[in-house]
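The values are calculated or read from the model by the stated rules, or taken from the named source; none is laboratory data. Owing to the predicted nature of the structure, the values given are computational and were not obtained by experimental measurement. Counting neighbours? That spans all protein chains shown, and the Cβs are built from the backbone with ideal geometry, glycine included.
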Amino acid sequence: MKIAILSRNKNLYSTRRLAEAAEARGHELRVLDVLRCYMDIASMKPQIHYKGEVIGGFDAVIPRIGASVTFYGTAVLRQFEMMGVYPLNESVAISRSRDKLRSLQLLARKGVGLPVTGFAHKPDDIQDLIKMVGGAPLVIKLLEGTQGIGVVLAETKKAAESVIEAFMGLQANILVQEYIKEAGGADIRCFVVGDKVVAAMKRQSAEGEFRSNLHRGGSASIIKITPKERSTAVRAAKTMGLSVAGVDLLRSTRGPLVMEVNSSPGLEGIETSTGKDVAGMIIQAIEKSAKPHQTRTRGRG
């Protein structure tokens, strides 16, 4: 097969591992900087140009699109889909998962466990918003934030009011969520490929920090997950329409709660902590599923 990886940097661990795994299985692979791809949107003859050449003939495309380039990246991926190339994750599913509010609403509709979450626009509603999520301590999240940036733990009601007012004053869209104290600053990253969790790790926050992101100094270790956690992660990925996803769960007294569904999960932490060849499993999934003109969510927004 001829496979393209959309990535800004071919030297990133995840991109490099996927390229190695594809080549080890006899596939031809090319890494494309998604921002250097540009499109000829013509009726019945869509094309993609790259650094002055027309490119094509790909059987599958693996999107590794960063959050900061979601709009342009998904537009390029849509063009590949229009050309009949099989996408590992579809453009619609990526857009859906990147919208934190929309993804939570879709998960809630499917009955997937979530932390109680509030969303409001007016400062007049702050008091009821705080009450809605069970009071302080609570977590305030910027809708556009990634890797733990723009996430604040407000430990008192007064602090919560001040932070929410400040964000609203800046016209920033925020979510207010209950704080799951029993999680103890830890979450579980479940790596979903197809219809199963192929690897899982526990991420523990650093001392004095409540965010467990590895970018924020958190540590990762292998963990055995429960059947309920496994099924919750798979349901969450399916709800987003993602074939490959990193689903972040919190352990609570009422069962696993989904914090986020990541459409471009990093491979370094999960492969290092579990010793599993996750990149190889992703390539195998492409071999099994890649067929031309098989974009499932096409036309459904």
Item checked: Subset tally (residues that are in contact with a strand residue (DSSP E or B) (Cβ under 7 Å, 6 or more places away or on another chain), more than 19 Å from Gly255 (Cα to Cα) and among the hydrophobic types (A, V, I, L, M, F, W, C)) for region 107-137 -> 5
Item checked: Search result, residues across region 162-176 that are touching a helix residue (DSSP H, G or I) at 6+ places or on another chain (Cβ under 9 Å) and either closer than 16 Å to Val116 by Cβ or in a loop (DSSP other than H, G, I, E, B) (or both) -> Ile164, Ala172, Asn173, Ile174, Leu175, Val176
Notebook entry, point to check: Which of (1) of a type outside the set (A, V, I, L, M, F, W, C); (2) over 30 Å from Pro87 (Cβ atoms); (3) assigned by TED's automatic domain parsing to the domain that holds Gly269 is the odd one out, the single condition Asp195 does not satisfy?
Noted result: (2)
Notebook entry, point to check: Among the residues of region 181-195, is there at least one that is within 19 Å of the chain's Cα centre (by Cα), of a type in the set (Phe, Trp, Tyr) and within 30 Å of Pro227 (Cβ to Cβ)?
Noted result: yes
Next item on the list: Take region 18-31 and flag every residue that is of a type in the set (Asp, Glu) and not in a helix (DSSP H, G or I).
Entry: Glu28
Next item on the list: Hey, could you check region 36-79 for residues that are surrounded by 15 or more Cβ atoms within 10 Å (Cβ to Cβ) and polar (S, T, N, Q) and say which is nearest to the chain's Cα centre (by Cα)?
Entry: Thr70
Margin query: Here are the criteria: (1) in contact with a helix residue (DSSP H, G or I) (Cβ under 9 Å, 6 or more places away or on another chain); (2) assigned to a helix (DSSP H, G or I). Tell me which single one Thr15 does not satisfy.
Written below: (1)
Item checked: Subset tally (residues that are under 18 Å from Ile180 (Cβ atoms) and either assigned to a strand (DSSP E or B) or of a type in the set (A, V, I, L, M) (or both)) for region 130-158 -> 12
Next item on the list: For residues that are outside any strand (DSSP E or B), closer than 16 Å to Lys2 by Cβ and either free of Cβ contacts under 8 Å to residues at least 40 places away in the same chain or not aromatic (Phe, Trp, Tyr) (or both), tally how many sit in region 32-80.
Entry: 3
Next item on the list: Determine the pairs where a residue that is surrounded by fewer than 18 Cβ atoms within 10 Å (Cβ to Cβ), located within region 148-160, has a partner that is not aliphatic (A, V, I, L, M) with Cβ atoms under 8 Å apart, the partner being 6 or more residues away or on another chain.
Entry: Gly150/Lys141; Gly150/Glu144; Leu153/Pro137; Leu153/Tyr179; Leu153/Phe210; Glu155/Pro137; Thr156/Pro137; Lys157/Gly135
Note to self: Checking the condition in the same structural domain as Asp248 (by TED's automatic domain parsing) and out of contact with any Leu (no Cβ under 8 Å at 6 or more places or on another chain), which residue from Ser103, Ser68, Ser162 passes?
What the structure shows: Ser103
